[in-house]
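Here the structure is laid out as structure tokens; the discussion comes afterwards.
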Amino acid sequence: MLKLYAMFLTLIFLVELVAAIVGFVFRHEIKNSFKKNYEKALKQYNATGDYRSNAVDKIQSTLHCCGATNFRDWNVTNYYIEKGFPKSCCKVEDCSPQRDADKVNNEGCFIKVMTIIESEMGVVAGISFGVACFQLIGIFLAYCLSRAITNNQYEIV
């Protein structure tokens, strides 16, 4: 059982290692995919409360940004044509959806999200390294205990 435990722990460690390498190698594709999906969420934005619209509102209100690259990204959306900018784009809290570009945040959300992700990457890498070290220690100790039990099996009798 200990060898099986160590084997599964080794398998999990290898999967985590491969995921980290793939994430590092394809980080630019991940950024492009995020930008495309965010722009798609802007085009499909509505005030009915689907999960994409809620995510766009949460990002824009939390980071004080508007649109993917800037507030002009909203100009081509159906929501803007009907109602103007959403409330989450406003600089002040109690503004209503309108078309006045002076009352909305100018910066785009994509740059702000990427800045936050890149600034926190050191913390994520440190935590991942710590978890990997504990996994390696667990693998090593499980194999050592398994060998000790196997070697002492004949002395017990």
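The values are calculated or read from the model by the stated rules, or taken from the named source; none is laboratory data. Not measured: the values here are computed from a predicted model. Reconstructed Cβ throughout: ideal geometry from the backbone, glycine too, with neighbour counts over all protein chains shown. Ligands, DNA and RNA are excluded from the accessible area calculation, which covers all protein heavy atoms including side chains. Shrake-Rupley method; radii C 1.70, N 1.55, O 1.52, S 1.80 Å.
Size estimate for the chain follows the Kirkwood approach: the inverse of mean 1/r over distinct Cα pairs works out to 19.3 Å.
Taken about its Cα centre, the chain carries a charge dipole of about 300 debye when Lys and Arg each add +1 at the Cβ and Asp and Glu each add -1 at the Cβ. Compute the Cα gyration tensor for the range 58-107, then decide on rounded, prolate or oblate, letting a ≥ b ≥ c be the square roots of its eigenvalues: rounded whenever a/c is under 1.5, prolate when a/b is larger than b/c in the other cases, and oblate in all that remain. Oblate shape, in that a/c is at least 1.5 and b/c is the bigger or equal ratio. Which of rounded, prolate or oblate describes the range 1-49 when judged by the alpha-carbon gyration tensor and an a/c cut-off of 1.5? Because a/c hits 1.5 or more and a/b fails to exceed b/c, the range 1-49 counts as oblate. Dividing the helix sum by the residues of the chain, where each DSSP H run of 4 or more adds -39500 (n - 2.57), gives a mean residue ellipticity at 222 nm of -22000 deg cm²/dmol.
In this label model, Ala148 and Ala125 are separated by 3.6 nm, measuring between points 7 Å along each Cα→Cβ vector. Probe of 1.4 angstrom, ligands and nucleic acids ignored: what's the accessible area per residue over the chain, in square angstrom? Using a 1.4 Å probe on heavy atoms only, each residue of the chain averages 70 Å².
Of the solvent-accessible surface of the chain, computed with a 1.4 Å probe and all protein chains present, 65% belongs to carbon and sulfur.
The mean sequence separation of alpha-carbon pairs under 8 Å and at least six residues apart, normalised by the residue count of the chain, gives a relative contact order of 28 percent. Ranked by the mean number of other Cβ atoms within 10 Å of their residues, highest first, the peptides 61-69, 32-40, 78-86 fall in the order 61-69, 78-86, 32-40. A full extension of the chain between Met114 and Phe34 corresponds to an added length of 27.8 nm, given 0.36 nm per residue minus the alpha carbon distance. Multiplying the residue separation of Asp50 and Ala20 by 0.36 nm and subtracting their alpha-carbon distance yields 7.7 nm.
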